[in-house]
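Down below is the structure, laid out as structure tokens.
None of the figures in this text is laboratory data; all of them are computed from the coordinates on show. As the structure is a prediction and not an experimental result, all values here were calculated from the model. Here the Cβ is made from the backbone with ideal geometry for all residues, glycine too, and neighbour counts use every protein chain on show.
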Amino acid sequence: MAVKILLADDHKIVRDGLRSLIEKQPNMQVVGEACDGRTTVSSVRELMPNVVIIDIGMPDLNGIEATRQITQDNPNIKVIALSMHSDRRFVLRMLEAGASGYLLKDSAFDELSLAISTVVAGKIYLSPAIAGIVVEDFVRHSPSNVAGPVSIDLTPREREVLQLLAEGKSTKQIASHLNVSVKTVETHRRQVMEKLDIHSVAELTKYAVREGLTSLEM
């Protein structure tokens, strides 16, 4: 039976390239695509793929938070991060969120194919450069020093609100997007600002970009 794969990346050219390569494999099938994190989560619930190949820097809901929701909903679904980020913070947060694999976007397709086979077999796959980061962190015994305050102090909903604020959405738009009241969003925003000791949306945006919570560039 073919491995069912969902592709999640906000660049269509990347999804098209991956689909073309994957569909040449006799034991793999692309069952869906998504261009943002929230669509990825809903598509996974609908299509129930075996593997999700996901970028970290996506709009609406970043790949880390999407992975967290996917693996919490169904631990049997394997998530592989395919990202340009080799920074320790991104790698560790992605693995903490439940990803089974992490590759850099400059990896050869043969490595991605191997990663898919590895995670389907119930194992972890890390590209060599990423494995070095994980081993170094283990030796240092200091994940809390690199995880950053956003992964420790903020709730999943607060991280969602932070990302949406950073992406320019108004309080009313966020409330509609998350199906909550405007008052609830305002409460989350206030709590985020208090926890991070940040006092403006501009500063929140800079923080979200620096911590990899949004795909925006500054």
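Stretching HIS199 away from GLU46 to a fully extended chain increases their span by 51.1 nm, per 0.36 nm per residue minus the current alpha-carbon distance. The order of GLU160, GLU194, GLU96, going from fewest to most other C-beta atoms within 10 Å of their C-beta, is GLU194, GLU96, GLU160. Summarising the label geometry, the points placed 7 Å from Cα in the beta-carbon direction at ASP110 and ASN74 lie 3.2 nm from one another.
Against the main long axis of the alpha-carbon atoms of the chain, helix 63-73 sits at an angle near 80°. What the phi angles of segment 104-114 give under the Karplus curve with 6.51, -1.76 and 1.60, with θ = phi - 60°, is a coupling list of 8, 5, 8, 6, 6, 4, 4, 5, 5, 4, 5 Hz, glycine and proline written as x.
For a straight C-alpha distance cut-off of 21 angstrom, the lysines reachable from LYS172 (same-chain residues fewer than eight places away being disregarded) are LYS183.
In the chain, the longest principal axis of the Cα atoms and the axis of helix 88-97 are about 80 degrees apart. When shorter helices are ignored and each DSSP H run of at least 4 residues is given -39500 (n - 2.57), the per-residue value for the chain at 222 nm works out to -16500 deg cm²/dmol. Straightening the chain between ARG190 and VAL209 buys 4.9 nm, computed as 0.36 nm per residue apart minus the Cα-Cα spacing. Look at HIS188, HIS85, HIS199, HIS11 and count the other Cβ atoms within 10 Å of each Cβ; fewest to most, that gives HIS199, HIS11, HIS85, HIS188. The lysines within cross-link reach of LYS206, meaning a Cα-to-Cα straight distance under 16 Å and a gap of 8 or more places when in the same chain, are LYS169, LYS195. When you count the other C-beta atoms within 10 angstrom of each residue and take the mean per peptide, 24-34, 67-77 line up highest first as 67-77, 24-34. Taking segment 36-80 and a reference point 7 angstrom along Cα→Cβ of HIS11, the backbone N atoms nearer than 16 Å belong to 36, 54-59, 63. Can you tell me the 0 to 90 degree angle between the C-alpha axis of helix 201-210 and the longest principal axis of the chain, rounded to 10? For helix 201-210, the angle is close to 30 degrees.
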